[in-house]
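To start, the structure under review is shown below, and the notes come after it.
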Amino acid sequence: MKTRTRAQAKLITAQLLSGAGIASGYAVGGLLAEEITGKTSMAGIAQMSVILGAGLIAYPLAVLAGKAGRRTALTLGFGIGTIGATVVLLGVALQFLPLFMLGMMLCGSATASGLQARYAAVDLVDPANAGRAMSLVVWATTVGSVLGPSFTAPGAHLGAALGMNELAGPYLISMTAFGLATLVASTLTKKIKPGAAEAVPESTESAESGDSAVEPPTMKLGPALRFALARPVPLFAMVTIIAGQMMMTNVMVMTPVHMDHQEFSLGAIGIVVSVHIAGMYALSPVFGWMADRWGPGTVIAGGVLVFATAIILGVIDATAEVSSMVLLSIALIFLGIGWSMFLIGGSALLTASVPQHAKVTLQGASDAAMNLGGALMAAMAGTVLQAGGFLWINLMATVVLLITLAFSIRAVPLMHWPGRHHTPTATKDDAAETSQMH
C-alpha cells in the first residue's frame, strides 16, 4: 500500500511539473510563430507542432511502457520534452522556423507523457476506482498549469534580461520544469506496468492452483484497432477522447492570437489561458467520481452540454463589436471543463470496454489519434482565423461536436446510465476473440 501511495505521489508531482512547463510557453507559442514568419496564418503552427509531436510519440511510449514499464516510458518522454524546450530557445534565437518547429514537436513528448501518467495511475488501483485514480493525476496538472501562464510575463522579463527574445523567456521555465519532471519519473518503481493492479498475486499463481490459463500477449496495433472499430462502445470512447482534444485545441490555440489582435495585454492573455487550464483540470476528481459512480456515459453527456455552452459564448464574443475579456474567460473555462469531461469519461469508458491485453495498445493509439487530430485543427486554425475570424473557429468546433453525437447513436444504448447495472466491459468472448487476432 505504501509503495502504491509513494508511486501515486510521484506521478502527481511529475504531472504538476510537466503541466507548469507546458503551460508556461502555451500563451506565447502562437505569437512566436507569427513573429518568426510575419504571417497570422502561421500562428497555429506552434501548437500544431507540439500536438503533432505528442501524437507521434504517444504510441511508441505506450509500447515501451508495455515492454519496459511505465517508469522507463515516462522518464524518456519527459526527458525528450526537456530537450525540446532547449531546441525552441535555439530556434527563436536564430529565427529559424524549422528548428523552432522541431523544438515544439519535441516538447510534445512531455504532453504525451503527462497523458500516459493517467493510465499509470489506473495500473496502481482496483479497476472499480479507475476513474478516481485517473482523475487525481489529471487534477495534479491544475496547480502547475494555472501557475504556468502566470509565469508568461515574468518569463518574458527574464528573457529580456538575458538578452533573449522576451517571448522566448517562458521556455526557460518550461525547460526547467520538464527536467525536474524527468528526475521525478526516474525514481518511480519498476513494478508499474500496464494491468499491474489486475495481475494475479504471486501467492495465488496459476501454477499453484493447477490452472494453466495464460494471459494473452499484448495485442498489436492492427488487431486492436479492428477490435475497437467493430464495437460501438470502445469506438465511441476513442472518438470522444479525440473530439474533445480537437475542439479544445481549435479554440484555445487561436484565443491568444485573437486577443492580441483585439489589443489585449500579454498579462491579460496569460490570465485567460490560466482560467482555461484551471477548467481543464480542477474538477477532474469530480468527473472521475462521477464515472465510477454513474458510469462514463454520464460524464460524456455532461461534456456535450458544456462544450455547446462554450461554443455559444465564443460565438457571442466573436459577433460582438468589442471583445470581452470576461466573456472570453467564461467561454474558455467551459471549454476546459468540457475537455476534462470528455477525457476522463472517454478514457474510463475505453479502459472498461476492452480486454486487458488490448488496453495498452488502444490507450496509446487513442492518445496518438487525439493529438494528431488536435494538430490537424491547429494547422488549419490560423488560416481559418485569418479568413473568417474567431466566429469560424467556433463553427469548426461545432462540426466536431456534431460528429461526436453521430457516433454516440449506436453506443448510448449499450452504455451504463443511472439505474442500469454496469458499464459494458470486455467479455470472455471478446477476450477469446482478441487472443485469436494476434
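The values are calculated or read from the model by the stated rules, or taken from the named source; none is laboratory data. Small disclaimer: the values here were computed from a predicted structure and weren't measured. In this analysis, Cβ positions are derived from the backbone assuming ideal geometry, glycine residues included, and neighbour counts consider all displayed protein chains.
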>> Just to be sure I understand, how many residues within the stretch 280-313 are assigned to a helix (DSSP H, G or I) and touching a Phe, Trp or Tyr at 6+ places or on another chain (Cβ under 7 Å)?
In response: 13
> Across the stretch 95-110, what is the total count of residues that are surrounded by fewer than 24 Cβ atoms within 10 Å (Cβ to Cβ) and aromatic (F, W, Y)?
Replying inline: 1
> Taking L56 and the conditions (1) within 19 Å of L106 (Cα to Cα); (2) crowded, with 24+ Cβ neighbours inside 10 Å, which numbered condition does it fall short on, given that it satisfies the others?
Replying inline: (2)
> What pairs can you find where one residue is in the stretch 222-251 and without any contact (Cβ under 8 Å) to a residue 60 or more places away in the chain and aromatic (F, W, Y), the other is surrounded by 23 or more Cβ atoms within 10 Å (Cβ to Cβ) and outside any helix (DSSP H, G or I), and their Cβ atoms are less than 6 Å apart, with a gap of 6+ or different chains?
Replying inline: none
>> Restricting to the stretch 238-259, name every residue that is modelled with pLDDT of 95 or more and more than 13 Å from M396 (Cβ to Cβ).
In response: M238, V239, T240, I241, I242, G244
>> Return the residues of the stretch 300-312 that are buried (at least 21 other Cβ atoms within 10 Å of the Cβ) and of a type outside the set (V, I, T); say none if nothing qualifies.
In response: G303, F307, A310
>> Every residue in the stretch 275-299 that is surrounded by 22 or more Cβ atoms within 10 Å (Cβ to Cβ) and under 26 Å from G25 (Cα atoms), please.
In response: H276, I277, G279, M280, Y281, S284
> Taking only pairs six or more apart or across chains, which ones have beta-carbon atoms under 8 Å, a first residue in the stretch 166-182 that is closer than 22 Å to L266 by Cα, and a second residue that is modelled with pLDDT under 90 and among the hydroxyl-bearing types (S, T, Y)?
Replying inline: P170/S24; P170/T152; Y171/S24; I173/S24; S174/S24; A177/S18; A177/S24
> Which of the residues spanning the stretch 31-53 are surrounded by 21 or more Cβ atoms within 10 Å (Cβ to Cβ), small (G, A, S), assigned to a helix (DSSP H, G or I) and at pLDDT below 80?
Replying inline: A46
> For the stretch 215-273, what are the residues that are crowded, with 17+ Cβ neighbours inside 10 Å, outside any helix (DSSP H, G or I) and either touching a Ser or Thr at 6+ places or on another chain (Cβ under 6 Å) or β-branched (V, I, T) (or both)?
Replying inline: P216, T218, M219, V253
> Can you tell me which residue in the stretch 369-384 is modelled with the highest pLDDT, limited to those that are surrounded by fewer than 23 Cβ atoms within 10 Å (Cβ to Cβ) and in contact with a helix residue (DSSP H, G or I) (Cβ under 6 Å, 6 or more places away or on another chain)?
Replying inline: A369
> Of the residues in the stretch 168-189, how many are modelled with pLDDT under 80 and under 25 Å from L106 (Cα atoms)?
Replying inline: 0
> Is the stretch 396-404 home to any residue that is under 16 Å from the mean Cα position of the chain (by Cα), of a type outside the set (D, E) and under 18 Å from I241 (Cβ atoms)?
Replying inline: no
> Among L332, L327, which is crowded, with 24+ Cβ neighbours inside 10 Å and assigned to a helix (DSSP H, G or I)?
Replying inline: L332
